[in-house]
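Here is the structure we will look at, set down as structure tokens.
The values are calculated or read from the model by the stated rules, or taken from the named source; none is laboratory data. This one's a predicted model, so the numbers in the text were calculated from it and none came from an experiment. Please note: Cβ atoms are built from the backbone with ideal geometry, for glycine as well, and neighbour counts cover all protein chains shown. We work out accessible area using only protein heavy atoms, side chains counted, and drop any ligands, DNA or RNA first. Shrake-Rupley method; radii C 1.70, N 1.55, O 1.52, S 1.80 Å.
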Number of protein chains: 2
Amino acid sequence: MKILVAEDDSNLGLLLTTFLTAKGYEVKLTTSGTDALESYRNSPTDFQFILLDVMMPQKDGFAVAKEIRLIDKKTPILFLTAKSMEADRLKGFELGADDYLTKPFLMEELLARIHAILRRTNPVEPSAEISLGEFDYNISLGTLKRTHQTQKLTTKENALLSLLVKNQNEVVDRQGALRAIWGDDSYFNGRSMDVYIAKLRKILGEDPSIKIINVHGIGFKLMIK
Amino acid sequence: MKILVAEDDSNLGLLLTTFLTAKGYEVKLTTSGTDALESYRNSPTDFQFILLDVMMPQKDGFAVAKEIRLIDKKTPILFLTAKSMEADRLKGFELGADDYLTKPFLMEELLARIHAILRRTNPVEPSAEISLGEFDYNISLGTLKRTHQTQKLTTKENALLSLLVKNQNEVVDRQGALRAIWGDDSYFNGRSMDVYIAKLRKILGEDPSIKIINVHGIGFKLMIK
DNA sequence: GATGTTGTTAACGTTTGGTTAACGTAATTT
DNA sequence: AAATTACGTTAACCAAACGTTAACAACATC
């Protein structure tokens, strides 16, 4: 999932890139409307989402959107702007924008709005799938896909795997995981989690590059070579 | 194109109704979350857009959205609220909202946002007949036609099937369906719904490409190959 | 009143997923 | 080295969830 970002404020551009990359998106950052349009034109089918700052020198976000919409009516466009003028907002929507977010905004809200737009844009694949070794893991559906097979995970399996995946290459604290998934960290819940770790090891064992490592006395770590 | 509006401020409710009606929409105005949910449940296939005020007595907009999303993952939901708290905004999106607009807002912006969302969601107007595998299903008449046969469905059969068809390929929450069709999710209503699921499986079994799948502990999903 | 229709509930069963037991190995502490 | 704690693995157990068929109750129609 690749996002084209046009933002002339380098701090915000960097922040956006870092944040969205951490959330699993590939980001192409451009710092002017001209560059954005050029990037788009170089590979128009590459981008699944476009984030446009309105106030940019030379070619502003509106001009870019107008140009893009001439040849692409589908790729979602979300405008970012410091200006809160109502006429501008309406203009953005008229140009075919999907949303319009006023600075300053919470990064989490931006992400929520991106998700909402993608949810209705790609109803067939409502949730992003995470690449996990040879598997494609869908947290929402609780499915693990590989070649021609799809394995459905149980609720507990999915909860535990999603926690490990979200903290890939980092140790997930044993007691914390127990409290988060089982509600408290009693002895038997701990044994239950060990059972589920074994289940996940068995399922993921089809791909030898995936390992769930125990860090003694601390917790578990999901690693992929 | 019918919009369900829930707004307890009668001035704003009237304004919304007048404005949207003038823009060509049919509006069902409700003044409480409870009434909104009841209106929705009475004819779930009627509405193509839902406008929910967040702050309403008894059942707030969030609670309404939560209940609706159990049995309808697609119909667009836009929240209106006087509160601009960020946590609330994120909560709205997590519940499956498509947009979130803070009062006071320009009516024209509301309309633009509705259009932007509808542009993406291809709203399904209730039609005379829906193609369902080898069957032609008429929700209004409660009939299933196939080759030279027409089967008449009972009220409960029709309510359940229309809910499954509306959410084809999506899981319909068991408890949500029970509350929507039977009024509450007690044990015996659950057993009754299981009986009706069996009835529908028997009726639809004439076409082997149609399956009603149980997702354990969650609900049912209608799938067609 | 007899009959038909629809919805509810009973009865018996299967499936599912989570918990716990049991036996063991690995790591740390004494 | 021995004892203790932490974790690995497999399977038994159990209750909840659900599938199916039929009996029963309530209501409508003739």
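Details
- Sub-6 Å Cβ pairs linking a first residue in the range A:139-154 that is on the phi < 0 side of the Ramachandran plot to a second residue that is open to solvent by 70 Å² or more (accessible area, probe 1.4 Å) and not aliphatic (A, V, I, L, M), at least 6 apart or interchain, are A:143/A:150; A:143/A:152; A:144/A:151; A:146/A:134, ordered by first then second residue.
- Test for residue B:172: is it under 23 Å from residue B:70 (Cα atoms), of a type outside the set (Ser, Thr, Tyr), outside any strand (DSSP E or B) and more than 10 Å from chain A (Cβ to nearest Cβ): no
- Count - residues of the range A:1-57 that are among the β-branched types (Val, Ile, Thr) and open to solvent by 10 Å² or more (accessible area, probe 1.4 Å): 7
- Within the range B:75-92, being facing another protein chain (nearest Cβ under 9 Å) and surrounded by 21 or more Cβ atoms within 10 Å (Cβ to Cβ) holds for B:76, B:89, B:92.
- Qualifying residue in the range A:155-163 (condition: at the interface with chain B (Cβ under 9 Å from one of its Cβ atoms), over 21 Å from residue A:54 (Cβ atoms) and polar (S, T, N, Q)): yes
- In the range B:178-225, the residue that is most open to solvent (accessible area, probe 1.4 Å) out of those that are more than 10 Å from DNA strand D (Cβ to nearest atom) and in a helix (DSSP H, G or I) is B:188.
Rundown of residues vs (1) farther than 27 Å from residue B:182 by Cβ; (2) modelled with pLDDT under 90; (3) among the small types (Gly, Ala, Ser); (4) within 16 Å of DNA strand C (Cβ to nearest atom), yes/no style:
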position: B:113; (1), (2), (3), (4): yes, no, no, no
position: B:118; (1), (2), (3), (4): yes, no, no, no
position: B:126; (1), (2), (3), (4): no, yes, no, no
position: B:131; (1), (2), (3), (4): yes, no, yes, no
position: B:142; (1), (2), (3), (4): no, no, yes, yes
position: B:146; (1), (2), (3), (4): yes, yes, no, no
position: B:149; (1), (2), (3), (4): yes, yes, no, yes
position: B:155; (1), (2), (3), (4): no, no, no, yes
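- Cβ separations smaller than 6 Å between residues 6+ apart or across chains give the following pairs from the range A:16-29 residues that are aromatic (Phe, Trp, Tyr) to residues that are open to solvent by 30 Å² or more (accessible area, probe 1.4 Å): A:19/A:107; A:25/A:1.
- Hey, residue A:65 within 14 Å of chain B (Cβ to nearest Cβ), surrounded by 16 or more Cβ atoms within 10 Å (Cβ to Cβ) and over 17 Å from the mean Cα position of the chain (by Cα) or not: yes
- Scanning the range A:131-172 for residues that are within 16 Å of DNA strand D (Cβ to nearest atom), within 14 Å of residue A:223 (Cα to Cα) and open to solvent by 30 Å² or more (accessible area, probe 1.4 Å) gives A:163, A:167, A:170, A:171.
- Scope the range A:194-212; condition more than 8 Å from DNA strand C (Cβ to nearest atom), free of Cβ contacts under 8 Å to residues at least 60 places away in the same chain and not charged (D, E, K, R); matching residues: A:197, A:198, A:200, A:203, A:205, A:208, A:212
- Residue A:100, sole failed condition from (1) touching a Gly at 6+ places or on another chain (Cβ under 8 Å); (2) within 12 Å of chain B (Cβ to nearest Cβ); (3) at positive phi: (3)
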